[in-house]
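Down below is the structure, laid out as structure tokens.
The values are calculated or read from the model by the stated rules, or taken from the named source; none is laboratory data. A quick note: this is a predicted structure, and the numbers were derived from the prediction, not measured. All Cβ positions, even for glycine, are placed from backbone atoms using ideal geometry, and neighbour counts span all protein chains on display. For the accessible areas, the whole protein counts, side chains as well, though only heavy atoms, and no ligand, DNA or RNA atoms are used. Shrake-Rupley method; radii C 1.70, N 1.55, O 1.52, S 1.80 Å.
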Amino acid sequence: MSIESDSKTDNVNGLWETGKIIVQALILAMIVRVFFYQPFNIPSGSMKDTLLVGDYLFVSKLSYGYSRYSFPWGPPLFNGRIFASKPKRGDVAVFKLPRDNSTDYIKRVIGLPGDEIQMKNGVLHINGNHVPKRRVGNFVARRENGLTYRIPKFEETLPNGVKYHVLDAEPNAPFDNTRVFKVPAGHYFMMGDNRDNSTDSRAQWGVGFVPYQNLVGRAEIIFFSGAFDEPDAFRILTPWRWPFDIRWGRFFNLVR
């Protein structure tokens, strides 16, 4: 009788300890997500080829400090930012869309407060000076019918030396020539690397200037990537193909 009783007690204690470990792990994961690193996935191609649809990445909330939008549902706990640090030109940042303060967008920081930004014939100009743009090859994309095509790829170099790739799919696209945008104090000018397929600060009706407090964090590292975005109604029925859809070479790539 005592042996059976001890066995039941051991089982209860074992379940209790397992439950405590699970709860502690969940609490730790929540703390990390809320205060340090939040996972995001890329649902659109506006940042190709820096970020692809199906990339999953960690965003550092420590990079710019905390605002109300750093936390789930954006509770009005305080105004402005605490432990604040300013973004650098060229950072890839997640922010809350200014027109609704709830939708997450990810773009590159191009214009700082006080800057004048303009596109002329597909060339970025900052404060009246053109940003060097050098052809470096092509980005191979896939149409819905499965056929591939090539998009010209260029390297841009910002005034602070940050280099990155941009795509220029169409000559004289709608955003290739713009007026001069004067970035207000406390705001940033954000642009997608896929220049002809990005709704960003060039679209004042869509994104416009992004307030400092709307910044959530800086994209740091890709931890998973899968080419599951390509149209294929039968993919779910062919699980043996899934490992081939994973972009193994993008795992743990730093976002630059």
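Details
- Here Phe181 meets the list (1) within 21 Å of the chain's Cα centre (by Cα); (2) within 30 Å of Ile82 (Cβ to Cβ); (3) at pLDDT 95 or above; (4) of a type outside the set (A, V, I, L, M) almost entirely, failing just condition (1).
- The residues on offer are Tyr149, Tyr105, and the sole one that is of a type in the set (Phe, Trp, Tyr) and loosely packed, with under 12 Cβ neighbours inside 10 Å is Tyr149.
- Conditions (1) within 26 Å of Pro159 (Cα to Cα); (2) modelled with pLDDT of 95 or more: number failed by Leu57: (1)
- Any hit, the range 49-62, residues being among the hydroxyl-bearing types (Ser, Thr, Tyr) and open to solvent by less than 50 Å² (accessible area, probe 1.4 Å): yes
- Residue selected from the range 27-45 under the condition assigned to a loop (DSSP other than H, G, I, E, B) and at pLDDT 90 or above, by the criterion surrounded by the most Cβ atoms within 10 Å (Cβ to Cβ): Ile42
- All of Ile110, Ile117, Ile126 fail the test of being within 26 Å of Ala185 (Cα to Cα), buried (at least 16 other Cβ atoms within 10 Å of the Cβ) and in contact with a Pro (Cβ under 9 Å, 6 or more places away or on another chain), apart from Ile126.
- Among the criteria (1) within 28 Å of Leu52 (Cβ to Cβ); (2) open to solvent by 30 Å² or more (accessible area, probe 1.4 Å), the one Arg81 does not fulfil is (1).
- Near pairs, Cβ below 7 angstrom, 6+ apart or cross-chain, from the range 146-166 (within 15 Å of Thr50 (Cα to Cα)) to any residue that is small (Gly, Ala, Ser) and in a strand (DSSP E or B): Ile151/Ala141; Lys153/Gly137
- Considering residues of the range 73-97 that are in contact with a Gly (Cβ under 7 Å, 6 or more places away or on another chain) and modelled with pLDDT under 95 only, the residue nearest to Thr157 (Cα to Cα): Ser85
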